[in-house]
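Step one of this worksheet: look at the structure below.
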Amino acid sequence: MKTVFLIAAAAMVAVALAALLLPLVRQGRKSGRSRGVFAAALLIALVLPLGTGALYLLVGTPAALNGVTAEAAAPISMQQALTELRTHLQQQPDDLQGWMLLAQTSSMLRQPADARDAFDHALKLAPNNAEAMIGWAENDSMTRSDHRIEGRALELLKRAVQLHPDSQRGLWLLGISNFQRGEYREAAATWRLLQPQLEPGSNVAKAVAEQIAVADARAGGAPAGASSSSAAATAPQGAALQVQVALAPALKDKLAPGDALFVYARAENGPPMPLAVAKLDPAQLPTTVTLTDAMAMTPAFKLSSVERVFVGARISHSGQPVAQPGDLEGDAGVVAVDRKAPVKISIDKVH
């Protein structure tokens with residue numbers, strides 16, 4: 001709607017009011033009433049609509065009446081929102097809440113490097129922000145091929161838990177870091193601090209109990225006070241995939257002392273973090289291993305959380321799960337998690 005139309009509309013209202021009031025004026029004059037009263041009435045009838053329109057043009061938003069274009073009506077995409085947020089943060093780099101929002105959104109979109117960078121900016125503004133510390137550590141592990149929590153990530157986690165001993169994510173990740181370093185008793189002890197905060201019988205509580213049982217078992221048995229030393233061994237495993245691994249005869253001469261065999265399963269469509277992984281001695285080949293929910297790094301990402309997984313095996317010359325040139329590899333492709341028949345893998349390729 002154009003400005004001319006606004007003025008025309010106001011004029012039409014004024015004319016309509018005048019047409020209504022003129023007969024009343026004439027009738028009033030016959031009744032002997034003052035001409036000034038009716039003159040004032042006519043003035044108000046003419047000036048008020050025009051004045052209102054003029055005032056709106058000065059202080060209102062006439063453009064809002066022009067109609068909404070298709071471009072303006074289109075919903076903003078997540079990428080556009082992130083672009084605008086980044087532009088805002090370039091202009092106002094001290095906006096802590098803005099950095100936290102960018103970090104959390106990037107993490108949700110599975111962009112761990114971007115999330116870690118945003119959390120880093122937040123930590124520069126608020127060094128004791130426990131949520132930023134935990135977020136930095138978690139996303140740093142997601143950028144690594146081995147998903148280990150160590151170095152600065154571990155230091156930040158420890159500080160966060162010291163500041164907030166009841167932090168569920170902090171305790172869970174700190175326990176994972178213990179478990180990754182083979183500190184199974186410490187992992188179990190850390191996760192036990194988490195248990196009282198969880199809803200009894202919930203899926204998360206069950207998953208944490210399973211991980212504690214696995215840690216206790218690897219530490220050499222259940223801790224003092226446990227009802228049975230076999231409790232860990234009998235803990236429910238949930239989903240399980242039996243994998244048979246063999247080494248192609250042509251590659252046997254490429255084995256070297258210190259090699260490590262990793263058998264793993266990861267989501268068909270998802271982050272590269274394994275849902276389950278087992279580390280074995282290549283000298284045991286051919287061998288059979290069962291990948292289970294108990295081998296998950298986090299309750300949110302385990303075998304039973306998806307329907308299909310990519311199953312592979314790698315002989316690492318460095319002894320680490322990160323793929324390196326010269327490593328020996330093989331895979332079975334994508335299989336269903338509820339598969340009952342063994343999954344067969346031949347390690348027959350050189351990375």
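Odds and ends about this structure:
- The residue list Ser145, Ser107 contains one member that is assigned to a loop (DSSP other than H, G, I, E, B) and touching a residue at least 24 places away in the same chain (Cβ under 8 Å), which is Ser145.
- Top-ranked residue in the stretch 303-318 [being outside any strand (DSSP E or B) and open to solvent by 30 Å² or more (accessible area, probe 1.4 Å); ranked as nearest to Val350 (Cα to Cα)]: His317
- Number of the condition not met by Pro93 [criteria: (1) outside any loop (DSSP other than H, G, I, E, B); (2) more than 30 Å from Arg314 (Cβ to Cβ); (3) not basic (Lys, Arg)]: (1)
- Applying the condition of being in a helix (DSSP H, G or I) and among the small types (Gly, Ala, Ser) to the stretch 111-130 and asking which residue is surrounded by the fewest Cβ atoms within 10 Å (Cβ to Cβ) yields Ala113.
- Per-region count, the stretch 112-166, residues acidic (Asp, Glu) and more than 19 Å from the chain's Cα centre (by Cα): 4
- Restricting the first member to the stretch 155-182 and to residues that are under 15 Å from Leu194 (Cβ atoms), and the second to residues that are part of a loop (DSSP other than H, G, I, E, B) and modelled with pLDDT of 90 or more, the beta-carbon pairs closer than 7 Å and six or more apart or on different chains are Leu157/Ile149; Leu173/Ile149; Ile176/Ile149; Ser177/Ile149; Ser177/Glu150.
- Residue list for the stretch 148-186, restricted to those being open to solvent by 60 Å² or more (accessible area, probe 1.4 Å), in a helix (DSSP H, G or I) and closer than 16 Å to Arg116 by Cβ: Arg152, Glu155, Arg169
- Taken together, Met133, Met108, Met100 contain a single residue that is of a type in the set (A, V, I, L, M), open to solvent by 50 Å² or more (accessible area, probe 1.4 Å) and out of contact with any strand residue (DSSP E or B) (no Cβ under 6 Å at 6 or more places or on another chain), which is Met108.
- Where a residue in the stretch 80-100 is farther than 18 Å from Leu125 by Cα and its partner, wherever it lies, is surrounded by fewer than 14 Cβ atoms within 10 Å (Cβ to Cβ), with Cβ under 9 Å and at least six apart: Leu82/Leu109; Glu84/Ile76
- Matching residues in the stretch 330-351 - criterion: being open to solvent by 40 Å² or more (accessible area, probe 1.4 Å) and part of a strand (DSSP E or B): Asp331, Val334, Lys344, Ser346, Lys349, Val350
The values are calculated or read from the model by the stated rules, or taken from the named source; none is laboratory data. Quantities reported herein were computed from a predicted structural model and do not represent experimental measurements. Using ideal geometry, Cβ is built from the backbone for each residue, glycine included, and neighbour counts are taken over all protein chains shown. Accessible surface is based on the protein model in full, side chains and every heavy atom, while ligands, DNA and RNA are left aside. Shrake-Rupley method; radii C 1.70, N 1.55, O 1.52, S 1.80 Å.
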